[in-house]
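The values are calculated or read from the model by the stated rules, or taken from the named source; none is laboratory data. On a predicted model such as this, the values are computed, not experimentally measured, just so you know. Cβ coordinates were reconstructed from backbone atoms using ideal geometry, including for glycine residues, and neighbour counts include every protein chain displayed.
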Amino acid sequence: MRLIDLILNLAGLALWLNWLSIQFDPLAKTSAASLVGTLRKADPSGTRRWQPLAGLGALLLVRAVIYSQINASIRWNPRLDLGVIILPFRGDSFRHMLVFSVLGFACTLAFFYLWLLLLSAVNSRVPDTDPIQKLVRLYFRWLDRWPNVLKLILPFFLGALFWLLLHPLLAHLLITSKIKTGSQLIAQAAVMGGATYLTWKYLIVGILLLHLLNSYVYIGNHPFWNFVNATASNLLRPLRWLPLRIGKVDLLPLLAVAMVFFLSELVTNSPRWIRLPF
């Protein structure tokens with residue numbers, strides 16, 4: 001069921017990107033006064049802007065109904081992993097399954113935009129001649145010109161705000177315990193804000209491992225590999241002062257991957273003397 005749920009979340013993300021792509025269509029927002037505006041699409045009907053969003057809403061609603069109906073037969077206990085806390089949901093409750101369906105897609109969408117945020121900050125000096133970075137800027141154009149410092153601290157505030165808005169609903173559905181004081185809620189929001197950075201570990205590790213593979217195995221001169229190498233070089237720049245190159249062997253990517261896993265493990269499985277406010 002986890003694999004099916006992941007596939008459905010990715011399908012929802014595809015519908016979201018389809019909706020965004022309609023806005024990027026040069027023939028969708030042009031007037032007849034311009035040369036492009038005089039052109040017509042081969043399919044006059046095209047895809048209406050509301051159709052992908054309607055499909056996304058139907059997907060989230062229908063899968064919530066299906067999840068609540070089939071739970072009795074497969075005994076599936078849906079859980080949503082937020083890094084520092086795992087939210088359990090009742091599979092026999094439609095309300096729980098609807099919240100689980102919406103939050104599952106919201107987390108997938110958050111992963112997507114947080115990855116774009118990291119790529120926008122790390123590759124801010126990469127020119128638009130790189131087609132992949134140009135695509136990143138196209139999907140993230142509303143924040144791409146922000147200073148890198150603001151981009152890097154933005155996930156903390158977004159994660160904290162997410163928890164502040166979500167906690168009353170989760171407490172009402174008895175998914176999480178009610179807070180005793182306002183300071184406890186603020187502390188929880190701060191922890192959630194810090195845990196938001198955990199979403200970057202998959203992208204960072206993936207980029208570094210692909211860069212390591214391409215360093216020793218020639219796969220060809222493709223824009224994707226040029227993008228991977230440029231991103232990895234920018235990610236490793238703060239550690240370049242370490243003498244970890246032995247001849248033609250560069251151990252720095254492996255050190256960076258180990259550091260990412262260590263920090264992630266330290267946050268997700270905090271020591272006993274660190275008591276999280278949940």
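Restricting attention to the stretch 64-89, and to residues there that are in contact with a strand residue (DSSP E or B) (Cβ under 8 Å, 6 or more places away or on another chain) and part of a loop (DSSP other than H, G, I, E, B), which single residue is modelled with the lowest pLDDT?
77
Examine the stretch 151-169 for a residue that is charged (D, E, K, R) and crowded, with 17+ Cβ neighbours inside 10 Å, and state whether such a residue exists.
Yes: one or more hits.
Tell me, which residue of the stretch 170-183 that is more than 18 Å from residue 81 (Cβ to Cβ) and surrounded by 14 or more Cβ atoms within 10 Å (Cβ to Cβ) is modelled with the lowest pLDDT?
The extreme case among them is 179.
Among the residues of the stretch 216-226, how many are in contact with a helix residue (DSSP H, G or I) (Cβ under 8 Å, 6 or more places away or on another chain) and either surrounded by fewer than 16 Cβ atoms within 10 Å (Cβ to Cβ) or at pLDDT 95 or above (or both)? Please lay out each step first, then the result.
Taking the stretch 216-226 first, the residues in contact with a helix residue (DSSP H, G or I) (Cβ under 8 Å, 6 or more places away or on another chain) are 219, 223-225.
If we keep only those that are either surrounded by fewer than 16 Cβ atoms within 10 Å (Cβ to Cβ) or at pLDDT 95 or above (or both) too, we end up with 219, 223-224.
Final tally of qualifying residues: 3.
Do you know which residues across the stretch 185-199 are touching a residue at least 40 places away in the same chain (Cβ under 8 Å) and either buried (at least 19 other Cβ atoms within 10 Å of the Cβ) or on the phi > 0 side of the Ramachandran plot (or both)?
Passing the criteria: 188, 191, 192, 195, 196, 198, 199.
Do the conditions hold for residue 233, that is, is it out of contact with any Leu (no Cβ under 8 Å at 6 or more places or on another chain), under 22 Å from residue 122 (Cα atoms), at pLDDT below 90 and assigned to a helix (DSSP H, G or I)?
It is false that residue 233 is out of contact with any Leu (no Cβ under 8 Å at 6 or more places or on another chain), under 22 Å from residue 122 (Cα atoms), at pLDDT below 90 and assigned to a helix (DSSP H, G or I).
Please tell me if residue 30 is hydroxyl-bearing (Ser, Thr, Tyr), within 30 Å of residue 204 (Cβ to Cβ) and either out of contact with any Lys or Arg (no Cβ under 6 Å at 6 or more places or on another chain) or modelled with pLDDT of 75 or more (or both).
No; evaluated as a whole, the condition is false for this residue.
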